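Heads up, the thing below is written out as structure tokens.
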Amino acid sequence: MPSGAPKGENCLVDMDSKAGDLFSADEAQPTGTGGAGIMAKLWLPKGFSASMAKEWIERRRVSIRPWASFVDQRKFSKPRNFGELCQRVVRNVDTYNSNYTFIFLGLILYCIISSPMLLIALAVFAGAFYIIHLKSLESKLVVLGKELTVPHQMSLAGAISLPVFWLAGAGAAVFWILGATLFVIGSHAAFRELEGSDMDELLMEPV
């Protein structure tokens, strides 16, 4: 029987072309707006891209003060009064903001890694968001006459995964992260002596 399906070498060529469509990096857009292959579905929400995150991290990394100086115990002392404490906190937060940012991210990472249930909850949230977003790419998702935007999709995914987050004790984890961050950063900023340039600026300021 005659058939329209390709045979022999033509079939191999056809399959190769389809594989190229599926995994071609040229057609796969990071925002999920272009390409028809599998790689095109490895999307990121509109207005955000991996390059933006990489650029943000790189800026923070470049502006980090040396960690050896950051934790040098010889440069820690008790503030003489409340005014000096406030000056230290303001100046040190401005000086070491990138170091503090990475400390905050490290505490979040530690909290997630040390809690298997929290990892499962995040996986459920990411999976729900991924599925919802894929459905929105295939056809518009409309609820109560309004199309679901990316923030709405994230909210819906959060609602779906809320029971898992509750079982994982996400609320306690958030309070632990905030408390640990305030304690670590606050203690460092209050007891870390100001750099020489900061002291000169303070002496030059009019009283």
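Bear in mind these aren't lab numbers, they're just calculated from the coordinates by the rules spelled out. Only a predicted model underlies this, so the values are computations on that prediction, with no experimental measurement involved. Here Cβ is always computed from backbone atoms with ideal geometry, including for glycine, and neighbour counts include all displayed protein chains.
What order, most packed first, do the peptides 72-85, 90-103 have when packing is the mean number of other Cβ atoms within 10 Å of each residue?
Sorting 72-85, 90-103 by mean packing, highest first, produces 90-103, 72-85.
Ranked highest first by average number of other Cβ atoms within 10 Å, how do 61-71, 110-120 line up?
Highest-to-lowest ranking by the protection proxy: 110-120, 61-71.
Per residue of the range 79-90, in order, report the coupling 6.51 cos²θ - 1.76 cosθ + 1.60 (Karplus, θ = phi - 60°) as ³J(HN,Hα) in whole Hz, putting x for Gly and Pro.
Those phi angles translate into x, 6, 7, 5, x, 5, 4, 5, 4, 4, 4, 4 Hz.
Label points 7 Å out from Cα along the Cβ direction at Leu119 and Asp94: separation in nm?
Using points 7 Å along Cα→Cβ, the separation is 4.2 nm.
With θ set to phi - 60° and the Karplus curve 6.51 cos²θ - 1.76 cosθ + 1.60, what are the ³J(HN,Hα) couplings of the range 182-187 in order, to the nearest whole Hz, using x for Gly and Pro?
Karplus values, whole Hz, x for Gly and Pro: 4, 5, 5, 5, x, 5.
If you look at just the Cα atoms of the range 101-166, how large are its Rg and its Dmax in Å?
14.6, 44
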